[in-house]
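The structure appears below as structure tokens.
Read the figures in this text as sums done on the coordinates, not as results from a lab. Values in this document were obtained by computation on a predicted structure and should not be read as measured data. Cβ placement follows ideal geometry from the backbone for every residue including glycine, while neighbour counts extend to all protein chains displayed.
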Amino acid sequence: MSFKTVERKPLTLAERTYVPQILNGLSHTFKKMVKPNETLEYPEARPPIPEGYRGVPTLVKDPNGREKCVSCQLCEFVCPPKAIRIKPGEISADADTAHVEKAPQEFDIDMLRCIYCGLCQEVCPEEAIWLQNVFSVSGYTREELVNDKERLYELGGTLPDEHFKWDKKKAAEEAGNGAH
Amino acid sequence: MIDLYLSLPIWVQAAIKGLIAIGFLIPVAGACSLAERKVSAWIQGRPGPNRARAWGLGYIPILGPILQRLGVFHLMADGAKFVFKEDVVPGHVNKFYYYLAPLVALVPSLCTVVVVPFGAYFDAASETLKPLILADVDVGILAVFAIGSLSVYALILAGWASNSKYPFLGGVRASAQLISYELSMTLSVIPVFLWVNAPGPEATLSLFAVVESQSQAGLFGGMWFVFLMPMCAFIFLVSLFAETNRQPFDMPESEADLVGGFHTEYGEFKWSIFFVAEYAHMTIGSAVFVLLFLGGWNPLPWVPLEPLIAGLPVWLGGLLGAAFFLGKTFFFIFLFMWVRWTLPRFRYDQVMRLGWQKLLPLAIANVIFYALAIAVIERS
Amino acid sequence: MIQPAQPDLVTVYIDGKEIAVPKGTNVIEAAKMVGTDVPHYCYHEKLSVAGNCRMCLIELGMPMADRATREPIMDPETGKQKINWIPRPQIGCGTTVVPGMHVKTQSKMVKECREGVMEFLLINHPLDCPICDQAGECKLQEQATGYGRGYSRFIEQKNVKPKRTQLGPRVTLDDERCVLCSRCIRFSQEVAKDDVLGFVDRGSYSTLTCYPGKELSNNYSLNTVDICPVGALTSTDFRFKMRVWFLKQTDSIDTESSVGANTVVWSREGEIYRITPRQNDEVNDTWMADSGRVLYKEVQADNRLKPSSELATSVSAAASLLDDGNVAIVGSGRSSVEEQFLTAKLAKKIGAASYVVGRHGEGDGILISADRNPNTRGALVTGLISELPTTELSQLAADIDAGKVTTLLSVGEDLTAAGLSDEQLAKVNLVYVGSHSNATSAAATVIIPTLTVFEKSGTFINQQFRIQKFKSAVPGLKGAADDRVVLASLLEKLGDEAKGSDLASVWAEIAETVPALSGISYANVPKSGLLIDGSAWSGLDFPEGESLHFKPATAEASA
Ligand code: SF4
Ligand code: SF4
Ligand code: SF4
Ligand code: FES
């Protein structure tokens, strides 16, 4: 180890009385006092949510109102704290979206477990689960803090879709690619 | 009305005065605690307490929201909380002294307030200014010091009666500190009275007289003592901080770094009495400082109150005087808070070193210097 | 170096590794022996070779020899014989090894071939892995990770084919996903002998379908789902129920008949989702019957017996009944060997006559035999019975009528189904140890609820005298006790020395007292089962006919 001796200037008398420093400090705090507040008055004022913010995971619908999740359960699989529970189900053959075939029957995310890691959003092949801007969750019971499918769609709303993969598929079907 | 008052038996007068003292000090102490929270918040860039809203008052248009923003209802809630909290008494304390200590803490501050004039009115009969004071005694400052220094007993008592280590150490810290700074404090006011009093039997220690002497004509006559004797004012102020246990001298409590202090074992209403006593102490300290060095109720240096109010009705003049005085006092209370949220706490050895090795010699030198100077001036 | 030719071994070189393989092996199998995987879709080791997917392309070469003299041509550089590589790739599944054959499975050409095949396969593939039940066990997914392009060059619209065709009562077909490997067709022809599937149309419009007016309804139809390398054939029962990667696999045995097909039970968090066959080349190859795949439903059946009192209480009650001297015990051919052993011991202890109810049906010659008890041989081996069980317990009925039997213990058997009348049951003190309610449990004085085969572990002895293990896949119903524990505690209550009811202790006892099973413990029965000596019972006239990997002794004798 090598040592470096730092030269310290001897204190001047004014410094030794400590008074100028005190006055300096007082002027600093006074300036701070008359400045506007640094804090936000939550909940009336809310911080701007930056792009790509990872809030509460939600389920979204595509612009046509189709539920995007097909209950592939990849999010359930990837979720590190096992917060997601899905019961897959089949879309009945006479539904509008029958060509999608599969949709969740039950979809629960336990917000007491969720760590907001965003892996579910990352893994979702249908871009159906999004961590959006809701950041405060509260409830009186444990059950209340489990978001069920209905609540997840309510939180999620509709997001723009770039692919319309299933609509394209339906279009191909209707264009008669099956006929030959 | 004054006649009516004067016609009352003496003990009723005393009771009324006592109630005035309590009725003045306790709300001020409460307001101080709120002010402390607000000032700390503003200095730290926060709005401070502003959420609570009482039904009734809180819903009056305009006024309600203002009170809410000021956190007044928090103050009420806090006060109510202290009263309604369960009274927990640790099993190991000496109950009698344990309960006694907070009362002992409150008594000196309530007593000293009676000898502190908080304004003046123009007495048309005698054509002179009369102090607004509860007890116009000649010993004035001596009474303040004598009774005020009793407050240290409360701290020792609390520390000892709690019968556990932290409060005890806190009590010892407190007593050592208070005794140390009392010396400098007392010494620092001697020059003031040397200046105020001409040699002879007419001498007085009355605080009214000190203000009077700052209200005369002439360069020195109208000059506040803070300009005339800045060193005295400085020593007095530093000692005042130490005596009132305010930052940077709040060794007796020290909050988290030295675990509470003398009131570690206290809670609820008992604790809040300590709290009130501290603020009362601070208020009186500020008042005394204003009287001694800042010209009391005189609005500005070289501008005495008397000619201003001479033509006004008595009540208005009195009110004006009290307003000037209280304004200055409240500024000082603010200064206490301002300093608290600016300076860090001293280490205890520094407190002691500062008290005994720096401040006391300085105060002694100061007394000698002014004594000589006054002697020289008076001779000439 | 070519090894001195052994009569039935052929030496080949796979990626430079020399290996001797049996004659007639194809390149995929030979490569498997050196630990190299040759990707394939249409090839299935238990089916004939079709060679239509082209995924298994490999490079093939033979040592060069002078045409005229047949002298080997040596490579002067290496000093070894030169290899004559065929310039075109060959399919591995359809190429049988010949001595000295050289195979490259990792060359650039092979890799490019695989990539090309993959790209073609994916052109019209719907890529709906998120909704596909095969995801996670799909060969197309697997090979796509190895040889896929990662993006598609095909910008035209994909073919659309029927998405949910019901091929039969248990099989749903998604034609878009089919890679036209024809495994299902070959299975139906060759194993199930029910030739109903086939392709129609040509080129990329080729579509798998059922012969008009027929359906894939044979009892082996779900095997097509198992062998379909992609998610085209799906089980209607399992469809969209759970992703396979969540499922825990537990080895088990099909309890339908004495064939004892090896199975895997797939469960998640105590719930069983499906049963599939487990390969055992001595028993069931890679197949099992559809009827055996739904047996898991009995675990959560409505008529499951739920415990109403503490086990100790009901065991004491049962024991006091069984202590009366005129007891008969009806054991079960569905109980495990361990349970049968304990039942036999119990019978001996209290001097009771013991019976087993026979169950007979028609064998289908594949994986369902005529004896519908999975463990009749076990009852014989453990000495619970010495004769083949009959479906009617007429002797017992007579004994009850004669008042010779006043207390009856039934281990999971419904005695009314075995010919006892309600009046007869009413005459006796009945103790019922079983998992589901029936007429017998309704008449029972003491009921002790027990576990199903999916909730407990044990062994069965199948028609080949092969002892096979099954393991508990899901935790038992709350409060219900393992049959083995119940029997052991009954024994203990009746004054037998406590020997422990865990598998190891019971097996220690079995190995000691049952001659045919000496030297065996639960732990050392291998996954594929252990053949034991059944010659002591060769005199009995077992009902089983010929089935896969099994010939009845009489047939063998006459053959
Ligand atoms: S990963 Fe996406 S599509 Fe799959 S289950 Fe989760 S939300 Fe639904
Ligand atoms: S954000 Fe992370 S923890 Fe929360 S549900 Fe998604 S995967 Fe699970
Ligand atoms: S359905 Fe499956 S097994 Fe049958 S041909 Fe198509 S991919 Fe092959
Ligand atoms: S596996 Fe060889 S061609 Fe399909």
Proximal charge balance of C:Val264 [Cβ under 14 Å; K/R count +1, D/E count -1]: +4
Semi-axes of the equivalent ellipsoid for chain A, Cα gyration tensor, largest first, Å: 57, 20, 18
Net charge dipole size for segment C:94-179 [Lys, Arg +1 and Asp, Glu -1 on Cβ; Debye, nearest 20]: 160
Highest-fluctuation residue, B:Pro102, B:Pro90, B:Pro117 considered, GNM on chain B with Cα pairs under 10 Å: B:Pro90
Shape of segment B:72-206, Cα gyration tensor, a/c cut at 1.5: oblate
Lys pairs, segment B:89-379 - Cα-Cα below 21 angstrom, 8 or more residues apart or on other chains: 4
Quarter of the Cα convex hull surface for the protein assembly as shown, i.e. its orientation-mean projected area (nm²): 79.7
³J(HN,Hα) computed for each position of segment C:214-223 - Karplus, 6.51 cos²θ - 1.76 cosθ + 1.60, integer Hz, glycine/proline x: 10, 9, 7, 10, 5, 6, 10, 4, 6, 5
Alpha-carbon Debye profile of segment C:206-317, log10 I(q)/I(0) at 0.13, 0.18 Å⁻¹: -0.62, -1.00
Centre separation in Å (Cα based) which lies between segment C:8-29 and segment C:84-99: 12
Under-5 Å amide H pairs with C:Met74, H placed in peptide plane, nonlocal only: C:Lys82
Percent of alpha-carbon pairs separated by more than 16 Å within segment B:243-362: 71
Shape of chain C, Cα gyration tensor, a/c cut at 1.5: prolate
Debye log10 I(q)/I(0) at q = 0.11, 0.22, 0.25 Å⁻¹ for segment A:1-94, Cα point scatterers: -0.72, -1.22, -1.31
For segment A:1-55, convex hull of alpha carbons as volume per residue, Å³: 233
Cα pair distances in segment C:311-558, grouped into 10 Å bins until the bin that holds the longest one, percent each: 7, 32, 37, 20, 4, 0
From phi via Karplus (6.51, -1.76, 1.60), per-residue ³J(HN,Hα) for segment C:231-245 in Hz, x at Gly/Pro: x, 6, 9, 10, 7, 4, 5, 8, 3, 6, 8, 7, 6, 5, 6
Listed residue (A:Phe77, A:Ser136, A:Val60) projecting farthest to the positive dipole end of chain A, Cβ model: A:Ser136
Relative pair counts by distance (%), Cα atoms of segment A:123-180, 10 Å bins: 17, 34, 23, 16, 8, 3, 0
Kyte-Doolittle mean at least 0.5 and Cα axial length at least 20 Å: DSSP H helices in chain B: B:10-43, B:95-112, B:165-196, B:268-293, B:314-340, B:360-379
Three-way shape label, chain B, alpha-carbon gyration tensor, a/c 1.5: oblate
D (Stokes-Einstein, µm²/s), Kirkwood Cα radius, segment C:341-441, 0.692 mPa s at 37 °C: 227
Hull-based mean projected area of segment C:146-207, where the convex hull spans the alpha carbons, in square nanometres: 6.0
Segment C:311-558: antiparallel DSSP beta bridges as a percent of all, rounded to 5: 30
Derived scalar couplings ³J(HN,Hα) [segment B:305-312; Karplus, 6.51 cos²θ - 1.76 cosθ + 1.60; whole Hz; x for Gly, Pro]: 6, 3, x, 5, 9, 3, x, 7
Value of Rg to Rh for segment B:162-254 (Rh from inverse mean 1/r over Cα pairs, i.e. Kirkwood): 1.15
Whole-Å distance, taken between Cα centres, linking segment B:315-360 and segment C:416-450: 95
Rg to Rh, two decimals, where segment C:9-120 supplies the alpha carbon set and Rh follows Kirkwood: 0.99
Alpha-carbon Rg/Rh ratio, for segment C:452-528, with Rh computed the Kirkwood way: 0.98
Rg ratio (alpha-carbon, reference 2.2 N^0.38 Å) - segment B:1-160: 1.36
Spread of Cα-to-Cα distances over 5 Å intervals beginning at zero, given as percent, for segment C:293-374: 3, 11, 13, 16, 22, 16, 9, 6, 3, 1
Solitary cysteines of chain A, where the nearest other Cys Cβ is not under 4.7 Å: A:Cys69, A:Cys72, A:Cys79, A:Cys114, A:Cys117, A:Cys124
Computed magnitude of the charge dipole of segment B:229-313 (debye, nearest 20; Cβ of K, R +1, Cβ of D, E -1): 360
Residues whose placed amide H lies under 5 Å from that of A:Gly89, excluding near-sequence neighbours: A:Ala103, A:Gln105
